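> One structure coming up, written as structure tokens, with questions to follow.
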Amino acid sequence: MDVLIANGFQLQVDHPYEYLRETAKRLKGASEEDVHQLVRYAWVLINDSFETTLCLQFKPNDIASAALYFTAMYIHSPVPTYCNEMQRREPKRYDTWLDTLNSNFTTLEEIGMRIFE
């Protein structure tokens with residue numbers, strides 16, 4: 001509360017939803033239905049994250065990535081391994097799911113632990 005008072009209750013937070021949508025559009029290697037299910041459950045995790053201070057501590061794209069990653073693990077979804085390279089207009093193979101999400105595992109793990117507390 002002291003932080004809000006010090007800032008005059010002026011606070012702007014970027015929401016992870018846009019990053020979730022952008023990432024989902026780029027995912028390849030899974031059916032459209034699988035991607036839709038991933039996004040739907042990840043959206044719920046993002047909603048839950050707002051009951052914590054994650055949006056103040058982490059970048060919105062990391063929160064969206066963590067939600068997608070843990071959703072895929074939870075629903076045992078086949079993890080997409082391709083992502084469209086928008087500039088080159090050709091599929092680019094990523095070595096791991098984390099490369100596709102452009103995040104590191106330590107960050108995702110910390111976000112996941114906070115959401116699931």
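> Cα extents of segment 1-74 along the three principal axes, largest first, in whole Å?
Between the extreme Cα coordinates on each principal axis of segment 1-74 lie 48, 21, 14 Å.
> Also, I was wondering about something else. Put a dot 7 Å past each Cα toward the Cβ at residue 74 and residue 113; how far apart are the dots in nm?
It is 1.9 nm.
> Sort 105, 116, 58 from largest to smallest accessible area, using a 1.4 Å probe on the heavy atoms of the protein chains.
Values: 105 80, 116 125, 58 35 Å².
Ranked list, largest accessible area first: 116, 105, 58.
> In addition: So how much accessible area does residue 13 have, in Å² to the nearest 10, using a 1.4 Å probe?
40 Å²
The values are calculated or read from the model by the stated rules, or taken from the named source; none is laboratory data. Because the structure is a prediction, the values reported are computed rather than measured. FYI the Cβ positions are ideal-geometry reconstructions off the backbone, even for glycines, and counts take in every protein chain you see. With ligands, DNA and RNA removed, areas are computed over all heavy atoms of the protein, side chains included. Shrake-Rupley method; radii C 1.70, N 1.55, O 1.52, S 1.80 Å.
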